[in-house]
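Data block below; observations after.
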Amino acid sequence: MTVELAEGYMPSPDEEFMNENQLTYFRKKLVDWKEDILDLSKGTIHSMQEDNVHHPDLNDRASSETDRALELRTRDRQRKLISKIESAIRRLDAGDYGYCEDTGNPISLKRLDARPIATLSLEAQEKHEQREKVYRDA
């Protein structure tokens, strides 16, 4: 069953947490984000296939190779992001979306709106980052 959202709908803390409207809102946000990334990737692949030109000038060739390497690193990061988006969609399907995996408490709607793939509440994320910093500095 798909819920039709009112135009301009934004999740509100006044509503029941992760009600049908919120679930639909975040699913759409995640699916749209994934589609945007895939569209960009298709454009990159097409561009890289067309830009397979041999540059006689060494500086032009080096610049082209640097651009290509940067683009490939960006696409790799986006590939990992797609995996996180798909994981968030699976959590939506399972009914776990929006809840902190450390505490089980709801993640704030503001945080989810800004970072729909978030798996930790802001407080849990800060503790996690602090632990990483301690281990990194040790």
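The values are calculated or read from the model by the stated rules, or taken from the named source; none is laboratory data. Remember, it's a predicted structure, so these values are computed and weren't measured experimentally. Don't worry about glycine lacking a Cβ; one is built from the backbone with ideal geometry, like all the others, and counts go over all protein chains shown.
So that you can scan it fast, the table gives a plain yes or no per residue for (1) touching a residue at least 24 places away in the same chain (Cβ under 8 Å); (2) closer than 19 Å to Tyr97 by Cα; (3) of a type outside the set (Ser, Thr, Tyr); (4) surrounded by 12 or more Cβ atoms within 10 Å (Cβ to Cβ):
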| residue | (1), (2), (3), (4) |
| --- | --- |
| Ala6 | no, no, yes, no |
| Pro11 | yes, yes, yes, yes |
| Asp14 | no, yes, yes, no |
| Glu20 | no, yes, yes, yes |
| Thr24 | no, yes, no, yes |
| Leu30 | yes, yes, yes, yes |
| Asp36 | no, no, yes, no |
| Leu40 | yes, no, yes, yes |
Original post:
Which is basic (Lys, Arg), under 27 Å from Leu38 (Cβ atoms) and over 16 Å from the mean Cα position of the chain (by Cα), of Arg68, Arg61, Arg79, Arg91?
Top reply: Arg68
Original post:
For the subset of the stretch 101-138 comprising residues that are of a type in the set (A, V, I, L, M, F, W, C) and either out of contact with any Cys (no Cβ under 7 Å at 6 or more places or on another chain) or assigned by TED's automatic domain parsing to the domain that holds Leu30 (or both), which member is modelled with the lowest pLDDT?
Top reply: Ala138
Subject >> Residue count for the stretch 2-50, restricted to those that are part of a helix (DSSP H, G or I), among the hydrophobic types (A, V, I, L, M, F, W, C) and modelled with pLDDT under 90 >> reply: 3
Subject >> Pick from the stretch 94-129, criterion within 19 Å of Met10 (Cβ to Cβ) and small (Gly, Ala, Ser), ranking: surrounded by the fewest Cβ atoms within 10 Å (Cβ to Cβ) >> reply: Ala114
Original post:
Residue check, Gly98 against (1) at pLDDT below 95; (2) closer than 27 Å to Asn21 by Cβ, all met but one. Which one?
Top reply: (1)
